[in-house]
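As structure tokens, the structure follows; a few thoughts come after it.
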Amino acid sequence: MFDRVERMLVVWCPDWPVTAASAAARLTPHQPVAVVSANLVVACSALARAEGVRRGMRRRDAQGRCPELVVFDDDPVRDARLFEPVAAAVEELAVGVEIIRPGVVAVPARGPAGYFGGEERAAERLIDQVAERTGAECEIGVADGLFAAVLAARRGLLVPPGTSPEFLAPLSVRELHRPAEGHHRSDLVDLLRRLGLRTLGAFAAVPEKDVSARFGADAVLAHRLARGAEERPPSRRRPPPDLVVAEALDPPVERVDAAAFVGRTLAEKLHSGLAAHGLACTRLGIHALTANGEEHERVWRCAEPLTPGGIADRVRWQLDGWLTGANGRPSAGVVRLRLEPVEVVDGTALQLDLWRGAGRAEADERAGRAMVHVQGLLGPEAVVTPVLGGGRDPGEQVRLIPWGDERAPRRAPDAPWPGRLPTPSPATVLAKPLPAKVFDEQGRPVDISARHELTGRPCQVSVDGGRPRRVHAWAGPWATDARWWINPCRRARLQVLLDEDDTQTALLLVLSEERWTVEGIYD
């Protein structure tokens, strides 16, 4: 049974970074253009694609395929500033405009469809409106749910009510990875394809409980999109009214940099207020009032909960669009700036509590961006957070969680664990245990009896084929009888303190399947 979702109308301007860069540079339409970030093509014009240029291609390779290619650096501020007239043009005919990203706006479909006599007529009217007011080309998509509506807009389709799952089913799972809109799921997409789940329909057919158990929390959100449901369940929390933050500007501000400075301060204040209530913002309302009483407001919708930096970026983009955009500057400076969390979600997904005290918000922002950037380059498993849970061995007690996932222990830490290794725990737990041999006074190997007793007093230990070292002291063994009906082999732990050349080393030895290994090192 699919969740009830709102019917959305999406206006999509193809290749908007290219359109904005070309307009800012006043290029003629017949020139092939590409926008690059980190030396990779992130957007290109139709003329460039005709010459073989593609997104993700290296700049040099793109210029090799198209020597006439005009290359611009990626500039989100420029894209947002030049997109404001498009959003304003849509807002003249439809209420509730939300900017998904520069190039994409969404509105509830019910209003314009009812006013213009149907969704098809509303789409035609909006296309004409955007072209007439801004000269930009756009496509319209209507479907149940924002995700389906965005994909419908890229195909210029009006998906009938109740049929979004059928529309999504044949589409590739690659549609789940949309970095421009905040959906970074390249690793999930690659994994699904290797498992043979190449379409959204095939992924949607997998039971949600299996997706949660196998792939994790973010995959569950992606699974909801593939099913045609909203990414987040509809029971979202409404923010308390006292979380709205505002600042009076005296004297009035007319420069973008000055207004953006105030916006950054408000962003940190808003984020701190939300965090105190355990919330994070996913739809941000930005309101500005000028000295002559002109009111400007815009709502930005975000795929992920906004960090202080994300809030500040959107405030700057919007102020740049209002104060320097092509739609005309306000007749007076801004005297009041207000930020409102239009929609919030549980803030536990925003895990940025690495530093406390002065400068915490700025440190959180830098850390979060750096970690997400590393994950984008190397994959989600490249940045992990240790979580302490239950278990008998140190290796079982620590679970490494990818940055951004819910930090929950796999086993209850306060449950009884018979045979648990006593404190202190090893300072280092080896990811790959080292082979070892334990000998008694006569040089015979030490084993564990059926009664879980040592067959001899440990006197020497050889690690990884090295020469034997004298045992100064030892403790144990601690036997483990967990799941003996499945794995009847003996398993025991032994702590030893080794002497060599006036130095001492404490090791955790584990006997399993008749072999000793070093699994931990004590400081």
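The values are calculated or read from the model by the stated rules, or taken from the named source; none is laboratory data. No experiment lies behind these values; they were computed from the predicted model shown. All Cβ positions, glycine included, derive from the backbone under ideal geometry; neighbour counts span all protein chains shown. Note: areas computed on protein heavy atoms with side chains; ligands, DNA, RNA excluded. Shrake-Rupley method; radii C 1.70, N 1.55, O 1.52, S 1.80 Å.
Return the residue satisfying two criteria in turn: it lies in segment 285-305 and is of a type outside the set (Phe, Trp, Tyr) and under 18 Å from the mean Cα position of the chain (by Cα), and of such residues it is modelled with the highest pLDDT.
ARG301
Being at pLDDT 85 or above and closer than 25 Å to ARG81 by Cβ narrows it down to one residue among ARG224, ARG264; which is it?
Exactly one residue qualifies, and that residue is ARG264.
Among the residues of segment 106-117, is there at least one that is more than 23 Å from GLU297 (Cβ to Cβ) and surrounded by fewer than 16 Cβ atoms within 10 Å (Cβ to Cβ)?
Yes.
Here's a check for you: in segment 427-456, which residue that is among the polar types (S, T, N, Q) and farther than 17 Å from ALA475 by Cα is surrounded by the fewest Cβ atoms within 10 Å (Cβ to Cβ)?
GLN442
Would you confirm whether any residue within segment 41-60 is among the β-branched types (Val, Ile, Thr) and under 30 Å from LEU284 (Cβ atoms)?
Within segment 41-60, one or more residues are among the β-branched types (Val, Ile, Thr) and under 30 Å from LEU284 (Cβ atoms).
Check ASP15, ASP74 and return the single one that is open to solvent by 40 Å² or more (accessible area, probe 1.4 Å), modelled with pLDDT of 90 or more and either closer than 15 Å to GLU137 by Cα or aliphatic (A, V, I, L, M) (or both).
The conditions single out ASP15.
Among what's in segment 482-509 and is part of a strand (DSSP E or B) and basic (Lys, Arg), pick the residue that is modelled with the lowest pLDDT.
If we take residues in segment 482-509 being part of a strand (DSSP E or B) and basic (Lys, Arg), then ARG491 is modelled with the lowest pLDDT.
Condition test on VAL33, is it more than 13 Å from PRO102 (Cβ to Cβ) and within 29 Å of the chain's Cα centre (by Cα)?
Criteria not met by VAL33.
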